[in-house]
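Quick note: the coordinates plus some simple rules give every number you see, no bench work behind them. These numbers were taken from a predicted model, which means no experiment stands behind them. Please note: Cβ atoms are built from the backbone with ideal geometry, for glycine as well, and neighbour counts cover all protein chains shown.
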């Protein structure tokens, strides 16, 4: 973890981290560094980062929950129709019914679309993660500065879990972390390429971890009505009156049926 932090210090993410988190909130960042160092990764996922607001009581999932899924989950062959190293997902934008997709569609088994649709139906925001700098600006800063998010479910490389836990702790997000089972970045040079959008492998999650994610989402009542999706910056959110919108102006995208 410490090597990751030092290597990132003078890059775009590191400079942004120091400006928006490290400088204004040194005590929070120190707590994050300790939490990352102490995190026990020897057991089975999910690895839980408790919020300092309610350390013994996980917040209910819903409008202030973000589901973060790496762009590397997108299919390669046939390729994702939305492109790969970006925040886009055609399923979430257009509200395509999975049951109507042809059997050879790359979207049919894509975890971003299938998990994302389930999450949107339960009021959660969905975020396709690309670079660390974007995650800082799209998730961590709104969580700290606007109280936009209080909880999150994230799929990421095992290598990234300890460094990722630092800002999670600093901004006070209660998070469930699920490591990729294959195709992940195992060292900093590989991670840095992926951070720049260069990723030739498709990642995957273990079936038990998928079941756990589904179980977490199913703990929240799903709407039976079509869900209109909005674009809140780089996030997909359901258009619901109880959803805090922060300072961003959402644009209508589509409907999840």
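Taking (1) loosely packed, with under 15 Cβ neighbours inside 10 Å; (2) farther than 22 Å from residue 131 by Cβ; (3) over 20 Å from the mean Cα position of the chain (by Cα); (4) in contact (Cβ under 8 Å) with a residue 24 or more places away in the chain in turn, residue 3 satisfies each apart from (2).
Counting the residues of the range 74-85 that are in a loop (DSSP other than H, G, I, E, B) and without any contact (Cβ under 8 Å) to a residue 40 or more places away in the chain gives 6. Note on the range 86-101: residues that are crowded, with 17+ Cβ neighbours inside 10 Å and in a loop (DSSP other than H, G, I, E, B) total 5.
Taken together, the residues in the range 161-201 that are buried (at least 19 other Cβ atoms within 10 Å of the Cβ) and either touching a strand residue (DSSP E or B) at 6+ places or on another chain (Cβ under 8 Å) or at negative phi (or both) amount to 25. Scanning the range 21-69 for residues that are buried (at least 17 other Cβ atoms within 10 Å of the Cβ) and free of Cβ contacts under 8 Å to residues at least 60 places away in the same chain yields one hit, 22.
Give the residues of the range 120-143 that are over 25 Å from residue 194 (Cβ atoms) and part of a helix (DSSP H, G or I), sorted by residue number.
Taking the range 120-143 as the starting set, the residues that turn out to be over 25 Å from residue 194 (Cβ atoms) are 120-123.
Listed by number, the residues that qualify are 120, 121.
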